[in-house]
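S.K.: Mind looking over this structure? Questions follow.
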């Protein structure tokens, strides 16, 4: 009886351990969280309805893949140019789904806004962190 | 008795003779018959008794020749009957139940001999022949002296005991831990596999589900607060953002840049700002 209890305890322990591992640093999961924030933000800002979202996000996924494939080591202007070209090439296709050029324009704006929000968040994090630590550093 | 015509007629039909008999008492006795009857009977008995005894008596010398006369009668009658049977006539006067002289002297021996002959014929199997005349039920001398001990020793011969070494509880726990560890690892590997098999070019179902939750719960800020520095840097880099430049730009837009007087009072103001943003070497990015 004792052994059975022990085994059950160990089993439950291992399962919860496995679950904990699942939530532990998993780059894919953590990246997914920010992506989810992005999807939520864009959906809200563009007021996407369900049918629009069903068409928009697969196309966006393709678009995102192309943006990410741009070589980071390219000269900055060259890199920006390539990103811009991709954005332009997708303009018509986004417009088809979103219904108007104005809405597509809005998407590019919202897309940039989100990244800026992330940058702001990063800055806040670092400033908070470092201001807490600064007195120690100065002394 | 009253005569009845009907009865008489009926009687006539049944028995005409009886009907003719007049209805008078036919069983009459003389007068005073019963007065002397007992005396008469006793007298008659006394007179008859010697006569009865005489009837049972036999003539003198009656039994002397009786047996011979009976046998003579029997023989004469038997002889008459036997004359008809030829078979019995042949046997007449011969004692058929006679045996040779000294027959019973050797009879027992002869019977035993005959039995033995029969037994020999029946038990002609080679197996039994080989042990013929041998007492198969004999045992070595002193066999029973040690028999019980021998049996007991055979019975009590202990079976081969495979000793189970008492396992220490450590090994038991270790085994349990190993098994559960394997289960745990397999669960992890299954989850990891599932995650990595998602095509990164497609919007993951997880992402869409989580986004839906965020919208439903209006928990954008809450979720954002749980995002770490490294995650943000990764995401921005992946999105083609120059993180350090973006950070500086962020400070600028936020009107958070140091005032001109700060630079004059502290020549490390810029360094401090860059340090604050963890941009020690802006050129590296």
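The values are calculated or read from the model by the stated rules, or taken from the named source; none is laboratory data. No experiment lies behind these values; they were computed from the predicted model shown. Methodologically, a virtual Cβ is constructed for each residue, glycine included, from the backbone with ideal geometry; neighbour enumeration extends over all protein chains shown.
S.K.: What residue, of A:124, A:45, A:81, A:91, is more than 16 Å from residue B:237 (Cα to Cα) and modelled with pLDDT under 90? Spell out how you get there, then give the answer.
M.R.: Numbers: A:45 fails: modelled with pLDDT under 90; A:81 fails: modelled with pLDDT under 90; A:91 fails: modelled with pLDDT under 90.
Only one candidate passes the filter, namely A:124.
S.K.: Suppose the filter is at the interface with chain A (Cβ under 7 Å from one of its Cβ atoms), under 30 Å from residue A:8 (Cβ atoms) and at pLDDT 80 or above; does residue B:214 pass it? Break it down stepwise before answering.
M.R.: Details: at the interface with chain A (Cβ under 7 Å from one of its Cβ atoms): yes; under 30 Å from residue A:8 (Cβ atoms): no; at pLDDT 80 or above: yes.
Taking the combined requirement at face value, the residue does not satisfy it.
S.K.: Moving to a separate point now. Which ones in region A:63-82 are in a helix (DSSP H, G or I) and either touching a residue at least 60 places away in the same chain (Cβ under 8 Å) or at the interface with another protein chain (Cβ under 10 Å from one of its Cβ atoms) (or both)?
M.R.: Residues of region A:63-82 in a helix (DSSP H, G or I): A:63-68, A:76-82.
A:64, A:65, A:66, A:67, A:68, A:76, A:79, A:80, A:82, listed by residue number.
S.K.: Is there a residue in region A:110-125 that is outside any helix (DSSP H, G or I) and free of Cβ contacts under 8 Å to residues at least 12 places away in the same chain?
M.R.: The answer is no; no qualifying residue exists.
S.K.: While we're on this one: Let me spell it out: the conditions are (1) under 24 Å from residue B:221 (Cβ atoms); (2) over 12 Å from the mean Cα position of the chain (by Cα); (3) at the interface with chain B (Cβ under 9 Å from one of its Cβ atoms); (4) at pLDDT 90 or above, and residue A:26 meets all of them except one. Which number is the exception?
M.R.: Evaluating residue A:26 over (1) under 24 Å from residue B:221 (Cβ atoms); (2) over 12 Å from the mean Cα position of the chain (by Cα); (3) at the interface with chain B (Cβ under 9 Å from one of its Cβ atoms); (4) at pLDDT 90 or above leaves (4) as the failure.
S.K.: Determine whether region B:239-254 contains at least one residue that is buried (at least 17 other Cβ atoms within 10 Å of the Cβ), modelled with pLDDT of 80 or more and more than 24 Å from residue A:84 (Cα to Cα).
M.R.: So far as region B:239-254 goes, no, none of its residues is buried (at least 17 other Cβ atoms within 10 Å of the Cβ), modelled with pLDDT of 80 or more and more than 24 Å from residue A:84 (Cα to Cα).
S.K.: Follow-up question, since we're still on this one. Here's a check for you: in region A:83-115, which residue that is crowded, with 16+ Cβ neighbours inside 10 Å and within 18 Å of residue A:34 (Cα to Cα) is nearest to the other protein chains (Cβ to nearest Cβ)?
M.R.: A:115
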